[in-house]
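Have a look at the structure below, then the notes.
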Amino acid sequence: MNLQDACHAAVAPYPIRALGHDQLHVTVEMVTDAAADAIGDSERVVLVEALREKLATAEPVHTEIGHPYSNRAGVLFDVWPDQDLLNVRALVRDAVREVRGDAAVLHDGGRPHMALGYSWDTSDSDPLNSTLRAITPRRVPVTISRLHLLDVTFTQQPLADGHRAWDISWTPIAVLPLGRGN
């Protein structure tokens with residue numbers, strides 16, 4: 001069993017909407033000055049070109065995903081080592097600020113992580129964290145060689161028990177390689 005499948009099994013009894021294999025992602029940066037539908041096609045073209053120019057100076061990121069842990073937001077995988085990814089984040093932030101201004105990046109970005117699932121209710125995280133801690137392997141190597149610029153949407157979906165859970169979907173805008181030859 002791989003790390004994601006083992007974690008999915010661990011979170012099944014908890015109020016967490018687990019992401020599918022095709023939805024796992026590491027958020028590098030968000031544009032925060034406008035909703036995606038308020039950013040026109042011509043603005044997106046300028047942003048894509050600025051990102052492409054900045055990311056041409058980057059190299060693929062070799063890191064590890066894991067260990068899994070839960071918090072109030074859901075279940076996350078740590079990203080470590082993170083310095084190369086933080087360097088890529090800085091390039092992305094520079095491009096976003098150049099195109100959209102300082103108001104387009106209004107947060108510090110937090111620790112790099114990969115989301116496994118999002119909470120839709122409260123629960124005691126101690127037993128879940130104990131279960132997640134017992135999963136092996138605790139880390140898996142990954143190489144990040146491209147970034148995807150996405151129009152991301154979070155919607156609440158009804159569950160069979162009457163609760164509602166956050167669901168994530170996205171529309172691809174562009175795929176941006178790290179470095180010139182990737």
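Identify the residue in segment 133-142 that is out of contact with any Ser or Thr (no Cβ under 8 Å at 6 or more places or on another chain), aliphatic (A, V, I, L, M) and not in a helix (DSSP H, G or I) and, among all such residues, is farthest from L176 (Cα to Cα). I'd like the intermediate steps shown before the answer.
So the first thing to find is which residues in segment 133-142 are out of contact with any Ser or Thr (no Cβ under 8 Å at 6 or more places or on another chain), and the list is 133-140.
Now restrict to residues that are aliphatic (A, V, I, L, M): 134-135, 140.
Checking the rest, the ones that are also not in a helix (DSSP H, G or I) come to 135, 140.
On the way: I135: 33, V140: 23 Å.
For segment 133-142, the residue satisfying everything is I135.
Being free of Cβ contacts under 8 Å to residues at least 60 places away in the same chain, closer than 13 Å to L178 by Cα and out of contact with any helix residue (DSSP H, G or I) (no Cβ under 9 Å at 6 or more places or on another chain) is true for just one of L76, L91, L85. Which residue is that? Give the derivation first.
Details: L76 fails: closer than 13 Å to L178 by Cα; L91 fails: out of contact with any helix residue (DSSP H, G or I) (no Cβ under 9 Å at 6 or more places or on another chain).
Residue meeting the stated conditions: L85.
Is it the case, given these coordinates, that D84 is in contact with a strand residue (DSSP E or B) (Cβ under 6 Å, 6 or more places away or on another chain), within 23 Å of I168 (Cβ to Cβ) and of a type in the set (D, E, K, R)?
On the way: in contact with a strand residue (DSSP E or B) (Cβ under 6 Å, 6 or more places away or on another chain): yes; within 23 Å of I168 (Cβ to Cβ): no; of a type in the set (D, E, K, R): yes.
Taking the combined requirement at face value, the residue does not satisfy it.
Starting from segment 143-158, keep only residues that are modelled with pLDDT under 85 and in a strand (DSSP E or B), then list their pairs with residues that are surrounded by 13 or more Cβ atoms within 10 Å (Cβ to Cβ) and among the hydroxyl-bearing types (S, T, Y) whose Cβ atoms are within a distance under 9 Å, requiring at least 6 positions of separation or different chains.
So the pair list comes out as F154/Y118.
Taking L19 as meeting all but one of (1) open to solvent by 20 Å² or more (accessible area, probe 1.4 Å); (2) within 19 Å of the chain's Cα centre (by Cα); (3) aliphatic (A, V, I, L, M); (4) under 23 Å from T155 (Cα atoms), write down the number of the exception.
(1)
Taking the conditions exactly as written (basic (K, R), within 15 Å of the chain's Cα centre (by Cα) and more than 16 Å from C7 (Cα to Cα)), does R72 satisfy them or not? Outline the logic, then answer.
On the way: basic (K, R): yes; within 15 Å of the chain's Cα centre (by Cα): no; more than 16 Å from C7 (Cα to Cα): yes.
No: the conditions fail for R72.
Could you tell me whether segment 118-132 includes any residue that is under 22 Å from A58 (Cα atoms), touching a helix residue (DSSP H, G or I) at 6+ places or on another chain (Cβ under 8 Å) and in a helix (DSSP H, G or I)? Before the answer, list the steps.
Looking only at segment 118-132, we keep the residues that are under 22 Å from A58 (Cα atoms), and these are none.
So far as segment 118-132 goes, no, none of its residues is under 22 Å from A58 (Cα atoms), touching a helix residue (DSSP H, G or I) at 6+ places or on another chain (Cβ under 8 Å) and in a helix (DSSP H, G or I).
Picking from R97, R139, R146, which residue would you name as being open to solvent by 70 Å² or more (accessible area, probe 1.4 Å), within 21 Å of the chain's Cα centre (by Cα) and closer than 21 Å to A9 by Cα? So that I can check it myself, show each step before the final result.
Working: R97 fails: closer than 21 Å to A9 by Cα; R146 fails: closer than 21 Å to A9 by Cα.
Checking each option against the conditions leaves just R139.
Would you pick out the residues in segment 104-121 that are closer than 17 Å to L76 by Cβ and either touching a residue at least 60 places away in the same chain (Cβ under 8 Å) or open to solvent by less than 60 Å² (accessible area, probe 1.4 Å) (or both)?
Here is the first cut: in segment 104-121, the residues closer than 17 Å to L76 by Cβ are 107-120.
H107, G109, G110, P112, H113, M114, A115, L116, G117, Y118, S119, W120, listed by residue number.
May I ask you to list the residues in segment 38-59 that are open to solvent by 30 Å² or more (accessible area, probe 1.4 Å) and in contact (Cβ under 8 Å) with a residue 24 or more places away in the chain?
Within segment 38-59, E43, R44, V46, R52, E53, K54, T57, E59 qualify.
The values are calculated or read from the model by the stated rules, or taken from the named source; none is laboratory data. Please read these numbers as outputs of a predicted model, since none were measured by experiment. All Cβ positions, even for glycine, are placed from backbone atoms using ideal geometry, and neighbour counts span all protein chains on display. Surface areas here come from the heavy atoms of the whole protein model, side chains and all, with no ligands, DNA or RNA. Shrake-Rupley method; radii C 1.70, N 1.55, O 1.52, S 1.80 Å.
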